[in-house]
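Worksheet: one structure, shown below.
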Amino acid sequence: MANVIGKSIVIDGEISGDEDLVVQGTVKGKIMLKESLLVESSGTVEADIQTQNVEISGAVTGDIQAFSKVEIKSDGRVVGNIKAPRILIADGAKFKGNVDMDR
Amino acid sequence: MANEPPGVIGKGIAIRGNLSGEGDLIIEGTVEGEISLKNHLTIEETGVVRADIKSERLTIRGEMSGNIEASDRVAIQANARVTSDIKAPVVVIEDGARFKGKVDMDVELPDGIL
């Protein structure tokens with residue numbers, strides 16, 4: 001049972017929780033999850049993100065901190081700073097910001 | 001030019017200073033200073049480069065620190081250890097690579113965001 005913020009949904013505020021979250025719509029504010037965040041290609045996130053894992057195919061602006069892994073897929077566009085032990089940027093992805101992989 | 005075999009700086013070679021030129025180049029040794037290459041530069045697993053690099057394409061499998069400006073693409077592969085600020089249209093970081101620094105690609109965001 002995945003949590004899905006659908007295409008036509010706009011959230012302005014803070015999201016926190018301990019389950020996986022899929023964003024197909026728009027989130028502005030802050031996202032704090034104990035599990036994984038998936039921003040799909042239709043998703044737009046303008047928020048600071050703190051999660052276990054993040055996978056981005058949509059657009060994200062904000063600082064990202066992940067305790068395991070950040071993955072920017074080939075469709076993903078990210079502007080912000082990333083801090084995580086594992087960071088992957090796929091061919092075709094667009095990214096601007098700082099990367100910190102210190103463990 | 002593209003058909004010429006790539007130049008190689010082997011394991012036993014250490015260079016300190018400026019390196020510039022055309023054609024593809026593979027570094028298996030050590031280079032400190034500045035590198036300006038028209039074509040494709042590859043830093044192999046044994047390679048250690050402490051230099052600012054300007055090239056068209058850059059592939060890193062070894063150790064590198066310094067600033068990078070590439071007109072085409074930069075690929076940081078699985079065993080690479082890189083500390084750098086990178087400016088390039090395409091930057092790829094593979095799983096297992098160690099990277100610290102800044103990445104600057106031109107990012108087009110959808111309307112209404114930032």
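Laboratory data are not the source of any read-out in this text; all were calculated from the coordinates shown. Quantities reported herein were computed from a predicted structural model and do not represent experimental measurements. Every residue, glycine as well, gets a Cβ built from its backbone with ideal geometry; the counts of neighbours run over all protein chains shown.
For chain A, report the % of Cα-Cα distances exceeding 21 Å. Please report the intermediate quantities before stating the final value.
On the way: 1098 of 5253 pairs.
Tail of the P(r) past 21 Å holds 21 percent of the pairs.
Residue A:73: which lysines have alpha carbons under 16 Å from its alpha carbon, excluding same-chain residues fewer than 8 sequence positions away?
Those lysines meeting the cut-off are A:94, A:96.
What are the lysines whose alpha-carbon lies under 20 Å from the alpha-carbon of residue A:34, with same-chain residues fewer than 8 places away excluded?
The reachable lysines, counting only those whose Cα sits under 20 Å from residue A:34, are A:69, A:83.
Do you know the Lys pair count in chain B for C-alpha distances under 24 Å, with sequence separation 8 or more or different chains?
10
What are the semi-axes of the equivalent ellipsoid for the stretch A:13-54, taken as the square roots of 5 times the Cα gyration tensor eigenvalues, largest first, in whole Å? Don't skip to the answer; put the middle values down first.
Values: eigenvalues 43, 28, 11 Å².
Here the semi-axes work out to 15, 12, 8 Å.
If you take every DSSP beta bridge whose two residues both sit in chain B, what share of them, in percent to the nearest 5, is antiparallel? Spell out each step's value before the answer.
Working: 0 of 51 bridges.
Percent antiparallel among DSSP bridges in chain B is about 0.
May I ask which residue of A:9, A:44, A:74 lies farthest towards the positive end of the charge dipole of chain A, with charges of +1 (Lys, Arg) and -1 (Asp, Glu) on Cβ and the Cα centre as origin?
A:74
Charges only on Cβ, +1 for Lys and Arg, -1 for Asp and Glu: so what's the dipole of chain B about the Cα centre, in debye to the nearest 20? Don't skip to the answer; put the middle values down first.
Details: 13 positive and 20 negative charges, 85 e Å.
Roughly 400 debye for chain B.
Just to confirm the filter: which GluC sites (Glu not before Pro) across the stretch A:1-98 are DSSP coil and have at most 12 other Cβ within 10 angstrom of their Cβ?
On the way: sites: A:14, A:19, A:35, A:40, A:46, A:55, A:71; in loops: A:19, A:35, A:40.
Of the GluC sites (Glu not before Pro), the ones in loops of the stretch A:1-98 whose Cβ has at most 12 other Cβ atoms within 10 Å are A:19.
Do any GluC sites (Glu not before Pro) in the stretch B:45-114 lie in a DSSP loop with no more than 14 other beta carbon atoms within 10 Å, and if so, which?
On the way: sites: B:45, B:56, B:63, B:69, B:94, B:108; in loops: B:45, B:94, B:108.
Here the sparse-neighbourhood loop sites are B:45, B:108.
Among DSSP beta bridges lying fully in the protein assembly as shown, give the percent that are antiparallel, nearest 5.
Working: 6 of 106 bridges.
About 5 percent, rounded to the nearest 5.
Cut-off 15 Å, label point 7 angstrom out along Cα-to-Cβ of residue B:95: give me the residues of the stretch A:48-92 whose amide nitrogen falls inside.
Answer for this model: A:53-56, A:68-74, A:85-91.
Pop a pseudo-label 7 angstrom from the Cα along the beta-carbon direction at both residue A:52 and residue A:19 and give the gap in nm to one decimal.
1.4 nm
Separation of the stretch B:44-93 and the stretch A:29-67 by C-alpha centroid, Å?
27 Å
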